[in-house]
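Engineer: Dropping a structure here in structure tokens format, bear with me for questions.
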Amino acid sequence: MKLISSLAAAGDTLTNSTDETVLASHEFPADFWQAGKVVRARALVTIPSTNSTNTLQTRVRFGAAALTGTAIGTTSDLDVADGDLVVADVELFCRTAGSAGVIVATVLVSEDAAGTAAGGHGQVVSSVDTTSATYLGITGEWSAANASNQCAAQMLNVFESDAL
């Protein structure tokens, strides 16, 4: 595996909004995907402060856009406390490439919040046009707008292996 992308600085801070927002993303160029190619990524989202009554949901998305791609992994609604975090480990496997490509995705999400545990997700994303750019996105969405709510992506490392 070789590192192909890493955040140089923290992503934008999501605060005082209920709109799902991209915290970090990576663009794969057109024709990047080939049958047998594997991509791994690890993301870290930190929640430095909250008003303690709102919840945060983060999603890992893959597809033609970082914000509207297929949700391949989603956290529970975190009733967060200051200092909580979310770690997502992602693996994408290209089964077939082309205008109707198939990507198989797994996501393991760990949440640092009382009473939560790691959860896994699996998804087959069909009809992905790998001849065009595709995106891996980490998004966040607050349950209520409040100026005290803050979260940001601190890390999105993306690694690739050669196709089989």
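The values are calculated or read from the model by the stated rules, or taken from the named source; none is laboratory data. What you are looking at is a predicted structure, and each value in this text was computed from that prediction instead of being measured. Neighbour counts are summed over all protein chains in view; Cβ atoms, including those assigned to glycine, are modelled from backbone coordinates with ideal geometry. Heads up: the accessible areas ignore ligands, DNA and RNA and are worked out on the full protein's heavy atoms, side chains in. Shrake-Rupley method; radii C 1.70, N 1.55, O 1.52, S 1.80 Å.
Engineer: Excluding ligands, DNA and RNA, what is the solvent-accessible area per residue of the chain at a probe of 1.4 Å, expressed in Å²?
Structural biologist: Working: 7310 Å² over 164 residues.
It amounts to 45 Å² per residue over the chain.
Engineer: Quick one: with all protein chains in place, what share of the accessible area of the range 1-61 is carbon or sulfur, to the nearest percent (1.4 Å probe)?
Structural biologist: 44
Engineer: Can you find, among Met1, His121, Gly140, the residue sitting farthest towards the positive end of the charge dipole of the chain, where Lys and Arg contribute +1 and Asp and Glu -1 at Cβ?
Structural biologist: Met1
Engineer: Sticking with this one: What translational D, rounded to a whole number of µm²/s, comes out for the chain from Stokes-Einstein when the hydrodynamic radius is the Kirkwood one over Cα pairs, at 10 °C and 1.306 mPa s?
Structural biologist: Values: Rh = 15.9 Å.
Stokes-Einstein gives a translational diffusion coefficient of 100 µm²/s.
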